[in-house]
Every structure is written in structure tokens, then in C-alpha cells.
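Structure first, commentary second.
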Amino acid sequence: MRISELISKLKVSADKSGVAQLEAMFQGSVFGLLMSGLPKLEPGQKLVVDGSGTVKMQFVSDPVGRKMIKLCADPDLFDVNYPGCVNVTVNGRELLEMAEKVPDADGILICSATSFHSFPIYKAAYPRLKAAKPMDTPKV
């Protein structure tokens, strides 16, 4: 099951095993981000953000106004359904390390590529994500 499908399923059912499954899939998954101030890169070239402040990621607010890093689950599918929303991909492990270093974000919001649903992960849950037993994700 793709993370996008799992997010949609979680919005219909408050199944705790679904949350555990998403957390287990997180580190091994690839997510899309929309970032501005990027230097010109060749396809496949790795971007290293040096902290100069020129590269910025897109933030969104959760329903109560907390500032969240916007992630796009299943970026290839996300780009098909919502062109132009992704210009950087990063794996969950690297993303979690990056998110821990963003002091003005309260967490991350994973947006589904298949529905208008999202799943919040707040900073307090980062250690649980890091400790989750990895689960393979489909390479669709």
C-alpha cells in the first residue's frame, strides 16, 4: 500500500495499526517538497543546503494554526495529479533529520497524492518515528 492510500484510509478509520504502519514506512519512503531559492542542478545531482538561508521550504498550517513542513507522499504520483507541487525529493530518514533542525516548524504534514487528506506528525513524535522498525515500501 502506498503512503497516500494509507493516509486516505486513516481519515476514514482511526485504526492505530494504520498509524504504526505509516510510521514504519516513513524512513524508507521518498517524499516530495516544494522549495524556493534552489541553485541550478543537473537531474539526479544531490542538493546540500548549507544554512545560508537562500533555500526555503514550503510551510502550511495545520487546522489549529501550527506551522508545518509540507510533504508530498508518493512524489511521482503527486506530480501527475498536482503538477508543479514538487521540485525536490528526499527520503524519510533524511527528511526527519532535516525537520529536527527547523526550529520554527511544529512538525510535518504529509499530503496524500490520491485524495485531499493529510497526516500530521508533530515534533514530539520524531523519536517514535526514528525508533520505528523499518518497513519496505512499494517501488511503484
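The values are calculated or read from the model by the stated rules, or taken from the named source; none is laboratory data. All values reported here derive from a predicted model rather than from experimental measurement. Cβ placement follows ideal geometry from the backbone for every residue including glycine, while neighbour counts extend to all protein chains displayed. Calculation scope for accessible area: heavy atoms of the full protein, side chains included, ligands and nucleic acids excluded. Shrake-Rupley method; radii C 1.70, N 1.55, O 1.52, S 1.80 Å.
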Kindly report, to the nearest 10 Å², the accessible surface of E42 as traced by a 1.4 Å probe over protein heavy atoms only.
-> 130
Where Lys and Arg each count +1 and Asp and Glu each count -1, what net charge lies around M35 among other residues with Cβ under 12 Å from its Cβ?
-> +2
Simple spin-label estimate for V60/R128, 7 Å along Cα→Cβ, in nm, reads 2.1
What does the charge count near E23 come to, summing +1 for each Lys or Arg and -1 for each Asp or Glu among other residues with Cβ under 12 Å from its Cβ?
-> +4
Hull volume per residue for region 30-138, using the convex hull of the C-alpha atoms, in Å³ is 121
Over 20 Å between C-alpha atoms is what I'm after, so list which of K11/K101; K46/K123; K40/K130; K67/K101; K11/K133 land there.
-> K11/K101; K46/K123; K40/K130; K11/K133
Fluctuation leader among K11, K130, K40 - the chain, Gaussian network, Cα springs under 10 angstrom | K40
Mind listing the phi-derived Karplus ³J(HN,Hα) values for region 77-94, rounded to whole Hz, using 6.51, -1.76 and 1.60 with θ = phi - 60°, and x for any glycine or proline?
-> 5, 4, 5, 5, 7, 9, x, x, 8, 10, 10, 9, 10, 8, 7, x, 4, 5
